[in-house]
Amino acid sequence: MQKYGDSSKPVYITESGWNEDPRWTKAVRPGQRVQYTLDSFRYIEQKWPNVKNLCIWYFRLPVPTLNYVDYYAFATTEFRLKPIYSAIQDYTQGNGNP
């Protein structure tokens, strides 16, 4: 964007995040998911000031899909919150730096 004079335009990142499905070879462990996500927030804050929104995919599905897609969620279909939810909540409220 800098090369073409667009560095002042806002950027919106959608559907970002990591998967924690224990059976999927491309997934990460829950602790890695938390660390990678918070690291991405810090990186964007420091290096990409024109990023206005970073959207994490997704909060919850209404029913299980019974495949790897279920493991992108912040909460299970029964509304049990996953560690990623609390970590992001703490980060955005300034409660520590996990």
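The values are calculated or read from the model by the stated rules, or taken from the named source; none is laboratory data. A quick note: this is a predicted structure, and the numbers were derived from the prediction, not measured. Please note: Cβ atoms are built from the backbone with ideal geometry, for glycine as well, and neighbour counts cover all protein chains shown. Each accessible area value is taken on the protein alone, full model and side chains, heavy atoms only, with ligands, DNA and RNA left out. Shrake-Rupley method; radii C 1.70, N 1.55, O 1.52, S 1.80 Å.
For the pair S8 and T92, label points projected 7 Å from Cα toward Cβ lie 3.0 nm apart. Comparing Y85, Y43, Y58 in a Gaussian network model of the chain where C-alpha atoms under 10 Å apart are linked, the largest mean-square fluctuation is found at Y43. Here is how the number arises for the chain: DSSP H runs of 4 or more residues each give -39500 (n - 2.57), the sum is divided by the residue count, and the result at 222 nm is -9000 deg cm²/dmol. For segment 22-28, 3J(HN,Hα) computed residue by residue from phi via the Karplus equation (6.51, -1.76, 1.60; θ = phi - 60°) reads x, 9, 9, 5, 8, 7, 10 Hz, glycine and proline entered as x.
Which order do F59, F79 take by accessible area at a 1.4 Å probe, largest first? Don't skip to the answer; put the middle values down first.
Values: F59 85, F79 125 Å².
Order by accessible area, largest first: F79, F59.
Per-residue 3J(HN,Hα) values for segment 70-81, derived from phi via the Karplus relation 6.51 cos²θ - 1.76 cosθ + 1.60 with θ = phi - 60°, read 4, 8, 8, 5, 8, 9, 6, 5, 8, 6, 7, 6 Hz in sequence order (x marks Gly and Pro). Taken about its Cα centre, the chain carries a charge dipole of about 160 debye when Lys and Arg each add +1 at the Cβ and Asp and Glu each add -1 at the Cβ. The fraction of accessible area contributed by carbon and sulfur in the chain is 54 percent, rounded to a whole number (1.4 Å probe; ligands and nucleic acids excluded). Helix 83-92 and the long axis of the chain differ in direction by around 30°, with both axes built from C-alpha atoms. Loop-located GluC sites (Glu not before Pro) in segment 1-87 (DSSP state not H, G, I, E or B) with no more than 15 neighbouring Cβ atoms inside 10 Å: E78.
Please go through segment 42-98 and write out the trypsin sites (Lys or Arg not before Pro) that DSSP classes as loop and that have at most 11 other C-beta atoms within 10 Å. Write out the running numbers ahead of the final one.
On the way: sites: R42, K47, K52, R60, R80; in loops: R60, R80.
Taking segment 42-98 and a limit of 11 other Cβ atoms within 10 Å, the loop trypsin sites (Lys or Arg not before Pro) found are R80.
Cross-linked pairs K9/K82; K26/K82; K3/K82: Cα-Cα separations exceed 31 Å for K9/K82; K3/K82.
How would T65, T92, T37 rank on accessible area, largest to smallest, probe 1.4 Å?
Details: T65 60, T92 100, T37 5 Å².
Per-residue accessible area, sorted high to low, gives T92, T65, T37.
Highest mobility in the GNM of the chain, judged by mean-square fluctuation with C-alpha springs under 10 Å and restricted to T14, T25, T76, is found for T25. Once both axes come from the Cα atoms, what is the angle between helix 30-47 and the longest principal axis of the chain, in degrees from 0 to 90, rounded to 10? With both axes taken from Cα atoms, the answer is about 10 degrees. The largest accessible area among L61, L38, L66, L81 belongs to the first residue in L66, L81, L61, L38, and the rest follow in falling order (1.4 Å probe, all chains).
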